Structure formats: structure tokens, C-alpha cells
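The values are calculated or read from the model by the stated rules, or taken from the named source; none is laboratory data. These numbers were taken from a predicted model, which means no experiment stands behind them. Neighbour counts are summed over all protein chains in view; Cβ atoms, including those assigned to glycine, are modelled from backbone coordinates with ideal geometry. Just so you know, the surface numbers come from the protein's heavy atoms only, side chains and all, with ligands and any DNA or RNA stripped out. Shrake-Rupley method; radii C 1.70, N 1.55, O 1.52, S 1.80 Å.
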Amino acid sequence: MTSEVSFPNGFLWGAATSAYQIEGQPLADGAGPSIWHRFTHNPGQVANGETGDLACDHYRRSEEDIALMADLGLGAYRFSIAWGRVLPEGRGRVNAKGLDFYRRLVDALLERGIQPMVTLYHWDLPAALHDRGGWLNPDSPAWFADYAQVLFRALDDRVSRWVTLNEPWVVTVPGYLEGALAPGHRDLFEAPRVAHHLLLAHAEAVGVYRSMGRHQIGLAVNLEPQHSASPSPEDQAAAQRRDAFINRWFLDPLFLGTYPTELASLFGLAWPDFADSDLARIRAAMAHGTGARSDFIGVNYYSRGLVRANPNSVPLGAERVSPADALCTTMGWEVYPRGLTEILLWLRDRYSNPPLYITENGAAFNDPPAMDGMVPDPDRVNYLRSHLHAAHEALKQGVDLRGYFVWSLLDNFEWAHGYSQRFGLIQIDPLNQTRTLKASAHAYREIIRGNRIHSSEGSTI
Ligand code: IFM
């Protein structure tokens, strides 16, 4: 049983997507290809050989999608910009048609009273930049800052919140260490360098923003509390290492100016001797009172890690396990709402209570096809409610939480899983692109309307 909880006035209610996952038409109107376009067109990388060529066809259906957002009563919509639509070669020449798509999107959102939250980088690096070394190139932070400046100049008069990078850890680890996501590299030596350049890219973009921007800018990170699978010292140490690897790799340098010491031990010879001046620049992009700081952290939360030591898993010596009898999503992720409270409190305590948004939270389940305009998805309804209760608990305990975005607005292209994983509030019929609001969309609309969760809607979790 759960009690009724109200959220603070002005709490921002939103939903999130990203460009490659929903837009389709990735090469339309002069856009340059991205590493994801290449990756998906390389056989064997994505389930069922699926690509983002059509995705949700949002590039052509954005008006319809914005009307649905308005129907849901969203206060904000988080989307990302495809770098290669705006700068087909990644740098230099601006493609007016690509930029205009985002100008129209922002204008149409504002006309409906929906605040845009714009992510500059959600994993679709222009292939032309990858051919110059991509995130391994020490010039990559400057490329990113130049790209960011084009967007700030074009849209900052209408965009009130910017997110520089989405989940730099995912770019680094599945992208450059494990090879599961684009660009599909598996290289112990590359990952630390990529992570460092991403942090510098964030810092450079924040620096540019502070010289010209008028609103807010932050970074979105994927976080999950790491719990030991047993009381054994080995498993406990493994959970600690995984905490450094996932939760602290990006936030410690930003807030504290140092990398977690565990990382140098884990990577051994592959860990470079990073310049103190770089770390000072990275920290200046977050530290209060430096004049260059970021305004918020975006938290992407899905589950916890239950961790067991495994010496065969390189470099971590740890693996994630599934608890027996736990309810899991179709991604295999345990439904664990308490972990959201825990991670928010951890941010409060470790990093001096920074302003936060939950920039992603949601779940993939096997929803039935729409019938008579209805899609019952009770597991997702429960997931969302239970996590909102967890978020509210953190608010009660003094966390500076300002908003919440469901991942995702639409069923979409879930990277290496193709279209097999459905996170949307809105179902899309792959045959004809018909959109149908799921029961979770209706439930979310009620929550937004009341700015609260009724006790009768309490979670069963
Ligand atoms: O779909 C992704 C999104 O692109 C980044 N965060 C996690 C989501 C679910 O896997």
C-alpha cells in the first residue's frame, strides 16, 4: 500500500527520446551519416538486422507526435539533435535544412506550451569525425564545442535546458571497450581516453555556453547503486569497483577533480597519466563559484546492479547477476524502485546536493498489440508509479530534484536490440506507424494533471 504524494509546484513532467532512435530518414535533406547509420548497416551488429532508417518516422511526423505530447499534458520534452543533420561533415559547413527541422520542432513545442530540453549528443557521432579518430582524437572536445555553439546561437533564445552528453559511460564502455554499440570497438586502451575527451567536451561546451547562453546546461549520466550479491569480501569489493566504474567515473572528476583511484588499478597500463590542467578544466565545468559551472545533473535510472566477483571479467573482475524471483523487464533489468531513492540520496551526500532532473526512467515490457484503441501495460504503470514514489521519497529527504522524464515517449529503436524492446508510453504499429496511447500514457497524464500520485493508484511493487 502506498500513500498519496504531491510534487512541488513547478516540478517538470516530461518524456524523452533521442534522434537516431525515433527520427528515421537519417540521410534526408543533406544530413551526413553517423556512426550509428554505419553500425546498423553493417550486418550482424543489431538484432534482426534492424536499422534506424525509418524508426518512428518522427522526422516526417513530428507534428503528430507533438500533438500527442500536448494531449498527455507534458510540460517538457527531451529530445536530441543529430549532429550530422546540422553539420554533415561534423564541422564547418552548416546544413540549413537540418537545422530548420530542429527550429520548427522547438517552435512547435513552445506553441503547445511544452518546454524543450535539448540533448546535443546522444551517441550519433558524424561518421566524418569518426574517420578522423572520433572521440579518440584530442581535438574532439573542440569539435563538440563548435557544434554546440551553432546550436546555442540558433536556439538558446527558445531552449531553456541543454544537456551536453547523454550517458558518456555508455559511449565509452559498450562503444569502445565492449563493442556492443557503435562504433563497436573493443580496446582497453581506448576507453579511458574516450571518457576523458567526453569530459573535456562537456567542459568546453559549458565554457562556450557560459559566454553566450542565457539558460541552463547540464549532463545526463546513467547511474545505478551497486549491491554486493553476498556478504563475502570478494563480492563486496567487486561492488565497490563497479560503483567506481559506473557511478563515479564521470561524476568524481566533475565534482571532485579526480578520477576514482580504482580506475587506474583496473586499467593498469591502459590508464593514461592525465594532465592536472585537464582535470582542473573538467572540475571547473561543475564546481560552484567558478563561473563556468553546469546547472544540473540529469540522472538516467533503470535498475540496480547486484554484483558478484568474477576474475574472468576484464577489466572489472565483477559481473552483474539477476536476483532469484525478482521481477525483471524484458531487458533483463530488475525492477528496483528503492535504488532510485538510494542513488538520489547518494548524489546529495557525495556531491553537495546538486540540482537534479531524472532525465530517463522507464521500462521495456512485451505489450500486447493495440485493440480497440487500448494497450494495457500494467507492469509499466506499476514501474512508473513505484519509481515516482521513490523519487518523491528522495525529495522529502532534501534532494534538489526538479523534474522527471519518462523513457520513452514512443516505442523506438533500442540500439543493438533493434525494435524488440518497447519502452514507450505510446505504441507504434510497425506496419502503418499508427500511434496508440498505452494505459501508462493515460496514467501518466493523470499524474501530470494532478501533480501527484493518488493512493488508489499506488504501486503494487
Ligand atoms: O534507449 C536507451 C537510451 O538511448 C539511453 N538510456 C537507456 C535507454 C534504454 O536502454
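The accessible surface of region 1-112, taken with every protein chain in place and a 1.4 Å probe, is 47 percent carbon and sulfur. Multiplying the residue separation of S322 and N137 by 0.36 nm and removing their Cα-Cα distance gives an extension gain of 62.9 nm. Between D53 and D107, the C-beta separation translates, for a Förster distance of 25 Å, into a calculated FRET efficiency of about 0.40.
How much FRET efficiency would the formula 1/(1 + (r/R0)^6) give for A280 and A28, where r is the Cβ-Cβ distance and R0 is 45 Å, rounded to 0.05?
On the way: r = 42 Å, r/R0 = 0.94.
It comes out at approximately 0.60.
For the chain, relative contact order (Cα pairs under 8 Å, six or more residues apart, normalised by length) works out to 18 percent.
Please give the charge dipole size of region 177-297, origin at the Cα centre, charges +1 on K and R Cβ atoms and -1 on D and E Cβ atoms. Round to the nearest 20 debye.
Details: 10 positive and 14 negative charges, 101 e Å.
Computed charge dipole of region 177-297: roughly 480 debye.
Subtract the Cα-Cα distance of A270 and H41 from 0.36 nm times their separation in residues, and report this length gain in nm to one decimal.
On the way: separation 229, 0.36 × 229 = 82.44 nm, distance 3.08 nm.
Additional length available on full extension: 79.4 nm.
Overall shape: rounded for the chain, with the ratio a/c of the largest to smallest alpha carbon gyration tensor axis below 1.5.
Taking a ≥ b ≥ c as the square roots of the eigenvalues of the Cα gyration tensor, an a/c ratio of 1.5 or more together with a/b no larger than b/c marks region 226-333 as oblate. Distance between the 7 Å Cα→Cβ label points at D187 and T258: 3.0 nm.
Residues in region 63-149 average 34 Å² of solvent-accessible surface per residue, probe 1.4 Å, ligands and nucleic acids excluded.
Charge dipole of the chain (Cα centre as origin; +1 on each Lys and Arg Cβ, -1 on each Asp and Glu Cβ, all else neutral): 900 debye, rounded to the nearest 20. Spatial offset of region 149-175 relative to region 221-285 amounts to 23 Å, using the alpha carbon center of each.
With the Cα gyration tensor of region 207-265 giving a ≥ b ≥ c as the square roots of its eigenvalues, does the rule (a/c under 1.5 for rounded; else a/b larger than b/c for prolate; else oblate) give rounded, prolate or oblate? Write out the running numbers ahead of the final one.
Details: a/c = 5.65, a/b = 2.55, b/c = 2.21.
It comes out prolate by the Cα gyration axes.
Expressed as a whole percentage, what fraction of the accessible surface of region 178-325 belongs to carbon and sulfur atoms when a 1.4 Å probe is rolled over the protein heavy atoms? C and S atoms contribute 49 percent here. Computed extension length for N310-T434: 40.1 nm, one decimal, from 0.36 nm per residue of separation with the Cα-Cα distance subtracted.
Given contacts defined as C-alpha pairs under 8 Å and at least six residues apart, what's the relative contact order of region 91-163, whole-number percent?
On the way: 34 pairs, mean separation 39.1, N = 73.
Rounded, it is 54 percent for region 91-163.
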